[in-house]
Amino acid sequence: MISPSDRIQKLINEQYKTIDDAHSRLSEIWLNDILFSFGWITTLVLTVVPWIVWFMFRDKASSTRLMLGGLWAMLISSWLDYVGVTLGLWRYYNKLIPLIPDYIAWDFALMPVTIMFFLQIKPQVSSIIKGLIFAGMTAFLAEPLFLWLGYYKYPGWNSIISFPFFFVIYLIAHKLAYSSATKPLL
């Protein structure tokens with residue numbers, strides 16, 4: 001068995017203790033100051049309403065393909081959020097649940113549902129054009145709006161850097177949704 005030394009285990013355990021303590025403190029802040037606040041309520045609405053709208057207006061025959069693109073957006077945005085918060089690039093102030101680091105409304109509703117609608121609407125339009133529109137709207141309209149509203153802060157990031165990430169995320173979602181690899185199982 002390959003196991004790290006006792007010293008390494010001790011050092012890592014100390015860091016996990018620090019993380020556990022920080023999470024406990026965040027849970028206290030959430031319970032005492034965030035839960036049922038205006039920011040919490042709007043975050044709940046921004047998490048639930050996009051899915052209701054999507055279920056009402058989705059192309060039912062293409063739901064699985066659209067969900068594949070949406071699932072990709074959820075996974076990558078959650079992972080990138082984790083990396084960004086961990087590296088101190090941004091911080092969230094309105095949390096639906098007291099977990100570090102993500103903003104659930106964005107990672108699990110707004111971004112994937114918006115991408116799925118973009119995939120569904122005017123499928124004959126170039127994915128490059130749609131990706132540029134999605135990235136532009138997200139980086140230069142949505143992010144500044146949420147910054148202005150105080151939902152998060154950018155200590156080490158800016159919307160210009162977000163643009164290529166959003167563009168690539170959309171292109172991969174498009175590739176997944178329109179892939180010929182999603183054929184029925186036999």
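The values are calculated or read from the model by the stated rules, or taken from the named source; none is laboratory data. This one's a predicted model, so the numbers in the text were calculated from it and none came from an experiment. Keep in mind that these areas ignore ligands, DNA and RNA; they rest on the heavy atoms of the full protein, side chains included. Shrake-Rupley method; radii C 1.70, N 1.55, O 1.52, S 1.80 Å.
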Mind jotting down the distance between the C-alpha centroids of segment 107-160 and segment 1-22, whole Å? 38
Provide, as a two-decimal number, the C-alpha radius of gyration of the chain over 2.2 N^0.38 Å, N being how many residues it has. 1.19
Per the helix-only model, the chain has a calculated mean residue ellipticity at 222 nm (DSSP H runs of ≥4, -39500 (n - 2.57) each, divided over all residues, rounded to the nearest 500) of -20500 deg cm²/dmol
Relative to the first principal axis of the alpha-carbon coordinates of the chain, what is the inclination of helix 38-57, with its axis defined by its Cα atoms, in degrees from 0 to 90 and to the nearest 10? 30
Residues with amide H under 5 Å from that of Tyr152, placed H, sequence gap 5 or more: Tyr93
Mean separation of Cα contacts under 8 Å, 6 or more apart, over the residue count of the chain: relative contact order %: 27
For segment 94-159, what % of the accessible area comes from carbon and sulfur atoms, probe 1.4 Å? 74
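At 1.4 Å probe radius, can you tell me the per residue accessible area of the chain in Å²?
62
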Can you tell me the 0 to 90 degree angle between the C-alpha axis of helix 159-177 and the longest principal axis of the chain, rounded to 10? 60
³J(HN,Hα) across segment 81-91 via Karplus (A = 6.51, B = -1.76, C = 1.60, θ = phi - 60°), whole Hz, x for Gly/Pro? 4, 4, 4, x, 5, 4, 7, x, 7, 8, 9
How tilted is helix 127-137 with respect to the longest principal axis of the chain? Cα atoms for both, answer in degrees (0 to 90, nearest 10). 50
